[in-house]
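The values are calculated or read from the model by the stated rules, or taken from the named source; none is laboratory data. These numbers were taken from a predicted model, which means no experiment stands behind them. A quick note on method: Cβ atoms are made from the backbone with ideal geometry, for glycine too, and the neighbour counts reach across all protein chains shown. To get the accessible areas, we keep the full protein, side chains included, count just its heavy atoms, and leave off ligands, DNA and RNA. Shrake-Rupley method; radii C 1.70, N 1.55, O 1.52, S 1.80 Å.
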Amino acid sequence: MNNNYNLLVILGPTASGKTSFASQFAFKTGGEIISADSRQVYRRMDLGTGKDYSDYIINGAEIPFHLIDIREPGYKYNVYEYQNDFFKAYKEIGERGNLPIMCGGTGLYIEAVLNRFRIIHVPADLELREKLSKKSLPELETILMGFRKTHNKTDTDTIKRAIRAIEIEAYYASHPEIKVDLPEITPLIMGIDIDREKRRERITGRLQQRLDNGMVDEVKKLLNEGVSSADLIYYGLEYKYITQYLIGVLDYNEMREQLNIAIHQFAKRQMTWFRKMERNGFKIHWIKPCGDFENEIKFVEELYKKGNP
């Protein structure tokens, strides 16, 4: 559509309607959607991850989408794999002459692409792990601060994560020749922002709808397939609480109430992440959609055509 922007990003919290918006925009502009959702990569995890396949059908046409249903349940997909998979899809879409549209709410994945983090697969260093295993979390954090940060700040709220962060930094420090060749990204970033009360209503209503549509049975089938309860709990939110219900840790009402609260908290954390992105220099154009998105799509088209990052 223009020579300046080469990626449209549509981000927003859960239940904001971003997938529907992205699909309608893709239909009008000949775009293809690349999901930025850390859990929709898993097959047969549909209701719990909010895969609304119907959102990708506009006027009978199927909107192409990528990075959904690409791994088996039980697998632990990570940001390194996402970055690789994203740029592969991005390149293929560009070669077809279509517009890549990143759509999702996983802030870490979005930033890994937009910041073009130098992410590589760092192997385990068992000798270093043994050396660090006796140290306290504050001691590990002090060691970590001694490295020049070369990638996204790592969550170091546990000793295990802090040791892994040091392991990664030590590997980078000992391999200065490492280069990650990624294409230049010039994104137009749109944020879908709906009224907080409206979002709360949507989250609660959507949760009940998915429970009514068989979300508990979905988790039960995964357990029956052999996916461990620990792996499902690892995926968080719907899979965590429903698994706890199925193994007898929670009763049904406790599960539903605690899950509802957790999803609201998750949406709040997503917005906090996006606000942090803005403070770090990303320009996010926020829109408050209403109705059929017609006016909002025109607004995004105008911004895109201006091509002034």
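Consider segment 272-298. How many of its residues are open to solvent by less than 80 Å² (accessible area, probe 1.4 Å) and touching a strand residue (DSSP E or B) at 6+ places or on another chain (Cβ under 8 Å)?
Summing the residues that are open to solvent by less than 80 Å² (accessible area, probe 1.4 Å) and touching a strand residue (DSSP E or B) at 6+ places or on another chain (Cβ under 8 Å) in segment 272-298 gives 10.
Here is a yes/no grid of residues against (1) at pLDDT 95 or above; (2) open to solvent by less than 40 Å² (accessible area, probe 1.4 Å):
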residue	(1), (2)
S23	yes, yes
K28	no, no
R39	yes, yes
R44	yes, no
I63	yes, yes
K76	no, no
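Any idea how many residues of segment 99-117 are under 9 Å from the mean Cα position of the chain (by Cα) and among the aromatic types (F, W, Y)?
Qualifying residue count, segment 99-117: 1.
Restricting to segment 9-51, count the residues that are in a loop (DSSP other than H, G, I, E, B) and in contact with a Ser or Thr (Cβ under 6 Å, 6 or more places away or on another chain).
The qualifying residues number 4.
Considering R256, R269, which residue is out of contact with any Gly (no Cβ under 8 Å at 6 or more places or on another chain), basic (K, R) and open to solvent by less than 90 Å² (accessible area, probe 1.4 Å)?
Result of the check over R256, R269: R256.
Any residue in segment 211-228 that is under 12 Å from D46 (Cα atoms) sitting within a Cβ distance under 8 Å of a residue that is at pLDDT 95 or above and small (G, A, S)? List the pairs, counting only those 6 or more apart or interchain.
Short answer, once both residue conditions are applied: M215/G48; E218/G48; V219/G48.
Within the bounds of segment 119-132, is there any residue that is in contact with a strand residue (DSSP E or B) (Cβ under 7 Å, 6 or more places away or on another chain), outside any helix (DSSP H, G or I) and open to solvent by less than 30 Å² (accessible area, probe 1.4 Å)?
Within segment 119-132 (the criterion being in contact with a strand residue (DSSP E or B) (Cβ under 7 Å, 6 or more places away or on another chain), outside any helix (DSSP H, G or I) and open to solvent by less than 30 Å² (accessible area, probe 1.4 Å)), the answer is no, since none of the residues qualifies.
Let's see how each residue does on (1) hydroxyl-bearing (S, T, Y); (2) over 30 Å from F299 (Cα atoms); (3) out of contact with any helix residue (DSSP H, G or I) (no Cβ under 8 Å at 6 or more places or on another chain):
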residue	(1), (2), (3)
Y42	yes, yes, yes
T49	yes, no, no
S54	yes, no, yes
I68	no, no, yes
P73	no, yes, no
K76	no, yes, no
F86	no, no, no
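Confirm whether R96 is over 30 Å from I168 (Cα atoms), under 19 Å from the mean Cα position of the chain (by Cα) and touching a residue at least 12 places away in the same chain (Cβ under 8 Å).
Considered against the rule, which asks whether it is over 30 Å from I168 (Cα atoms), under 19 Å from the mean Cα position of the chain (by Cα) and touching a residue at least 12 places away in the same chain (Cβ under 8 Å), R96 comes out as no.
Looking only at segment 239-253, which residues are buried (at least 16 other Cβ atoms within 10 Å of the Cβ), out of contact with any Gly (no Cβ under 8 Å at 6 or more places or on another chain) and among the hydrophobic types (A, V, I, L, M, F, W, C)?
Within segment 239-253, L246, L250 qualify.
State all residues of segment 266-290 that are closer than 13 Å to E111 by Cβ and in a loop (DSSP other than H, G, I, E, B); if no residue qualifies, say none.
Scanning segment 266-290 gives N280, G281, F282.
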